[in-house]
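Heads up, the thing below is written out as structure tokens.
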């Protein structure tokens, strides 16, 4: 059960309120993580720091999928589709600047490295 639904689940179960569960399929774990982070970014009670880390994780995932360069311009397919700057695309989606997305990516990466070396501090 996700954090988003655990309270609703408990209330519905206790009061015998019927509810539906929708299963979502993903191509891989990275796609699932991106969906989770994107969904969490829709929460109204996120702190600015939490939102920054979630945006950064999404940016780093997309950057890694497009061969790992932060400033790389890539296309979703090899067709004649216009190429898009990953940071600019995410900036537009989340209403922040391109520079903010890049900083968010650095923050998320540093936090990930810290959690690998000192998990008790994250």
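The values are calculated or read from the model by the stated rules, or taken from the named source; none is laboratory data. The structure presented is a predicted model; accordingly, all values stated were derived computationally and were not measured. Reconstructed Cβ throughout: ideal geometry from the backbone, glycine too, with neighbour counts over all protein chains shown.
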Problem set entry | Hits in the range 43-55 (condition: in a helix (DSSP H, G or I) and within 21 Å of residue 92 (Cβ to Cβ)) | 48, 50, 51, 52, 53, 54, 55
Exercise. All but one of (1) in contact with a strand residue (DSSP E or B) (Cβ under 6 Å, 6 or more places away or on another chain); (2) surrounded by fewer than 12 Cβ atoms within 10 Å (Cβ to Cβ); (3) modelled with pLDDT of 85 or more hold for residue 83; which doesn't?
Worked result: (3)
Exercise. Does residue 9 satisfy the condition of being surrounded by 10 or more Cβ atoms within 10 Å (Cβ to Cβ), modelled with pLDDT under 90 and in a helix (DSSP H, G or I)?
Worked result: yes
For this session: Give the number of residues within the range 18-42 that are part of a loop (DSSP other than H, G, I, E, B) and either in contact with a strand residue (DSSP E or B) (Cβ under 7 Å, 6 or more places away or on another chain) or without any contact (Cβ under 8 Å) to a residue 12 or more places away in the chain (or both).
Result: 12
For this session: Return yes when residue 58 is at pLDDT 75 or above, part of a loop (DSSP other than H, G, I, E, B) and within 16 Å of the chain's Cα centre (by Cα) and no when it is not.
Result: no
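Conditions (1) closer than 22 Å to residue 98 by Cβ; (2) at pLDDT 85 or above, marked per residue:
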position	(1), (2)
3	no, no
23	no, yes
26	no, yes
29	no, yes
33	no, yes
52	yes, yes
71	yes, no
75	yes, no
